[in-house]
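Shown next, in C-alpha cells, is the structure this report addresses.
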DNA sequence: CTATTAAGTCAATTCGCTTGACTTAATTAG
DNA sequence: CTAATTAAGTCAAGCGAATTGACTTAATAG
C-alpha cells in the first residue's frame, strides 16, 4: 500500500525459504499418510535421510510431531514412525451466516476441540461483532483448559462468510449489505490479537474437505456448496484458488441462460434460501434445520419439487464445472441436513456427459462431502492452519 | 510410471532449487520490465545486492543477459542496466490445426526468427508427421544460419493442437480422431531429440498473450480463443492452469442450456467451424482466411448473422468466466482475421452484469488479444521457454 | 552362524545467500 | 571549489541447510 515499486517481479528465496518449505512438506506428508518413518519421508520428499532427521528432530522439539514405538517389518533395523501431535497447533474458525454465527477451535489435524454459536442480527453488524468476540473469548477459555500452551500455539483466526466481497453496491436482497460495509477484519484483529484471514463460505468448505474430507490429498477438486446461497470452492494444483479479487467460485450469481427475461441467477433456484422461499419458511426460524431435515426424510412433495428443480440446474452446473476445470472430482456439500443433501445428490444423477466421463477414472465424478452444519466453521479454522503449515509457493519466497 | 510409492508427499527442496528459482525470477523481472540495474533487481526480488550481482554475472556468462551503458540519474554512482539477450535461448513451436500445420522458432523474448507452414491430411497422421518433421528440420536450418550456437540454445519443442485429449472415443465429427490415437509426442521426441510439451490451442494462445500480449504481467486472466473450435486458456496465479488431466478450459463442449433437445455445445455456435458451415465454405479451402476477412470487412449479411449469434453466446460465456474465475481481464483471441475478430468483440458488448463490474478496475473486462494466425504457434513455442525460464513452484522442487 | 537388508547417525563438506565494511562516482549544499 | 550526501556495486568472511559417504545398529533369510 505504501511506496509500491513500479517494478514487477516475483520474490526471490534463500535457505530460510528452503527450510520453511521442507518443514511444511514433512507436516503435509504426515497429515496425508498418517505416521511415517524418517526413511519413508526421505523417499517421499526426495530429501536425504539426514535432512529429514534434522527436520523431524526440530519438529519434535517444537511439539508438532512425536515418535511412536519402533516397528519391525522385514529385514533391516526397525523403523520409528512419527505422527503429528494434534495439540501442536490450534486455530479458530468463525462462520458468519445470514442469521447465526458459529465459532470453533480446531487442532492441527482438524479435530474440533471447542465450539459455540449464537444468533446474529442481519442488519446490525456492530452488536453482532460483540456477540462474535464473546464467542471467541469463550472458546479460547475452553481451549486454555485443554492445553496449557494453547495461546502460544494459536496460529490464527479464519473467517468464512457469504461472498462476493468488495462489489459496488449490495442492493441485492440475497446479500448482507450492512456486513459488507463494516470493517470486520480490522475489528476482529484488534479484538483478538490474532492474524485474521477471510474466505467465502464455499472456499472454507473446500478447505475443510481438503484437510479432513473427500478432497484429502486430491490436487484438483471443486467443492459445490449449497448453503443459504450457492458457491464453488476451487482446489487447483493442490491450493485453494481465490481469483483476482477473492471472488472466484461465486457461481450463485451466474445466469442460467444466455439472456432474456428468463435469465435467473443460479442461487435463486438452487440454494437453501430458495428452498425456504419455496416452502414459505422463515430463514431466521430456530428449528429450520430440523424442519427441513424431517420434510426431506418424509419426501414431502414440496421439498421434492424444489429438489427436482435445483437438481436440474446443479446437473448442468456440474457439467460446466467439469468442462471448465477438468477436476479429478466434484464434491457436493451443503449446510442442509444429510437427508436433504443425499436426495439432492441422487436427483442430480444421471450426470450429463462431459470430458470428465473418461476411461481410467479413480474418483467419482460427483460425491457427497461433509454435511455437517459446522463444516464451514471448521473450514474457516483450517485456513490459518493451512496458511501456517501447508507447502505452498508463497511460503518459500521472501517477505509476505 | 514405474514403482510409484504409495506415500503421497510434495517434493522437498535445497540450495539448487533456491538458485534455480532466483535465476528465473531475474529473467522474468527483466522480461517484464525491460532493462534493470542490479540494485533495482535486488529491491524488486528482495534479494541482496550481492546475491543479484552473483546471479547476473552467471547469467551474463551464460549469454542470457547483457549490460547496457551506465546511466547517470540523480545522486550516487551511475547504474548499469541489464537486459535479456534475445539470442540467449530459442524454442520451436508447432501448431497442428485441422487442415494445416505451422512451425515457428522464437527467441527468448518471443520474437519469431523462422517460420514455415504446410497443409495436413485430416485422417492420416503418419504422412502428416513426416511433413511436420520436415518443417521442423527446415526451420532449424534457418536458425542455424542466424545463431551459431543455436542447437545448444534450443530449449524445447512446444506442440499446440485442439483438445480435449485422452477421452474415450472421438466419434465427434468436430474432432480429429486419427490424430488423437497417434503417438505424436513420442514420434516428435524421437524425431527431433528435443523435449516436447503438449498444450491445447487455447492454452498456447494464453501463453502467447502472457509472454508478449495483453496478459503480460497479469496474474489472473482468461484467454477466450475462437479458432476452428473454441476454448479458454486459463492463467491463474500467474501460471497456466491445465486441470487434472490437461483438459481445463475446453469449453467448446459446454452445453448452452441446462438440458433438453436444444442443448447445443458452444462450439457448434461460436467457432470458426460453425462459421464455415454457416457460410457453406470448405474448411480446407486455401484462401479461407482472406475470404472471411473480406466478407467481415464488407459486413456481409450472412457473416453478420453468424457474429450476432456467436456474440450472444460469447457474451454469456464471458459472464460465466467472470463469475467463476474472477479474473483481472478476459482476452478474446481468434485465428480469424482482425476484421472479423474486431466485429465479434463489438457485438459482444454491452457485457452482461457480473462481479467483474466492480469499482477501481484497471484493466478492461474484455479486450482483444493477438489476432495473428501465427499466434498459436508462437504460444506453443513460448511453452518450453516458460518451462525453462519462468519462476514456478515446480521449478524450485527437486526432481520432477 | 553368517550374509544381507534397511534405518538411522556422525562428521566433514558444499554451495548459495547474507552481512557489514569498503570503494566508486555521481549530485547537492555551502 | 570543496565537502557532504546519496547510491551502485564489490570484497571477503560467515552462515545455515542440505549433501555426502562412511559407519552403527538391528532385524530377517538362508
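Among what's in the range B:59-80 and is in contact with a helix residue (DSSP H, G or I) (Cβ under 8 Å, 6 or more places away or on another chain) and near DNA strand D (Cβ under 9 Å from one of its atoms), pick the residue that is farthest from the other protein chains (Cβ to nearest Cβ).
B:67
Only one of A:29, A:51, A:42 is within 9 Å of DNA strand D (Cβ to nearest atom), facing chain B (nearest Cβ under 10 Å) and touching a helix residue (DSSP H, G or I) at 6+ places or on another chain (Cβ under 6 Å); which?
A:42
Just for helices (runs of 4 or more DSSP H) wholly inside the range A:310-400: which have at least 1 residues that are within 9 Å of chain B (Cβ to nearest Cβ)?
A:393-396
Taking the range A:31-44 only, how many residues are within 13 Å of DNA strand C (Cβ to nearest atom) and either within 28 Å of the chain's Cα centre (by Cα) or within 23 Å of residue A:210 (Cβ to Cβ) (or both)?
5
Kindly indicate the residue of the range B:48-64 that is free of Cβ contacts under 8 Å to residues at least 12 places away in the same chain and more than 24 Å from residue B:107 (Cβ to Cβ) and also surrounded by the most Cβ atoms within 10 Å (Cβ to Cβ) among those meeting that condition.
B:54
Quick one: in the range B:81-107, which of the residues that are under 28 Å from residue B:195 (Cβ atoms) and within 16 Å of DNA strand D (Cβ to nearest atom) is surrounded by the most Cβ atoms within 10 Å (Cβ to Cβ)?
B:82
Here is a list of conditions, (1) within 27 Å of residue B:100 (Cα to Cα); (2) part of a helix (DSSP H, G or I); (3) within 14 Å of another protein chain (Cβ to nearest Cβ), and residue B:276 meets all of them except one; can you say which number that is?
With respect to (1) within 27 Å of residue B:100 (Cα to Cα); (2) part of a helix (DSSP H, G or I); (3) within 14 Å of another protein chain (Cβ to nearest Cβ), residue B:276 is out only on (3).
Looking at the range A:187-205, which of the residues that are part of a helix (DSSP H, G or I) and within 12 Å of chain B (Cβ to nearest Cβ) is surrounded by the fewest Cβ atoms within 10 Å (Cβ to Cβ)?
The residue in question is A:202.
Could you tell me which numbered condition residue A:17 fails, if it satisfies all but one of (1) modelled with pLDDT under 95; (2) at the interface with chain B (Cβ under 10 Å from one of its Cβ atoms)?
Of (1) modelled with pLDDT under 95; (2) at the interface with chain B (Cβ under 10 Å from one of its Cβ atoms), only one is false for residue A:17: (1).
If residue A:24 passes every condition in (1) within 11 Å of DNA strand C (Cβ to nearest atom); (2) assigned to a helix (DSSP H, G or I) but one, which one does it miss?
So the condition that residue A:24 fails would be (1).
Scanning the range B:206-237 for residues that are surrounded by fewer than 20 Cβ atoms within 10 Å (Cβ to Cβ) and at the interface with chain A (Cβ under 8 Å from one of its Cβ atoms), which turns out nearest to residue B:30 (Cα to Cα)?
By that ranking, first place goes to B:217.
Looking at A:84, A:154 in this structure, which one is more than 16 Å from DNA strand C (Cβ to nearest atom), within 14 Å of another protein chain (Cβ to nearest Cβ), in contact with a helix residue (DSSP H, G or I) (Cβ under 8 Å, 6 or more places away or on another chain) and closer than 23 Å to residue A:208 by Cα?
A:84
Between A:213, A:229, A:246, which is under 21 Å from residue A:319 (Cβ atoms) and at pLDDT below 95?
It is A:229.
Of all residues in the range B:114-125 being touching a helix residue (DSSP H, G or I) at 6+ places or on another chain (Cβ under 6 Å) and assigned to a strand (DSSP E or B), which is surrounded by the fewest Cβ atoms within 10 Å (Cβ to Cβ)?
Out of the qualifying residues, it is B:118.
Can you pull out the residues in the range B:45-68 that are outside any helix (DSSP H, G or I) and within 11 Å of DNA strand C (Cβ to nearest atom)?
Residues satisfying the conditions are B:46, B:47, B:48.
The values are calculated or read from the model by the stated rules, or taken from the named source; none is laboratory data. All of these numbers come straight from a predicted model, not from anything done at the bench. Neighbour counts are summed over all protein chains in view; Cβ atoms, including those assigned to glycine, are modelled from backbone coordinates with ideal geometry.
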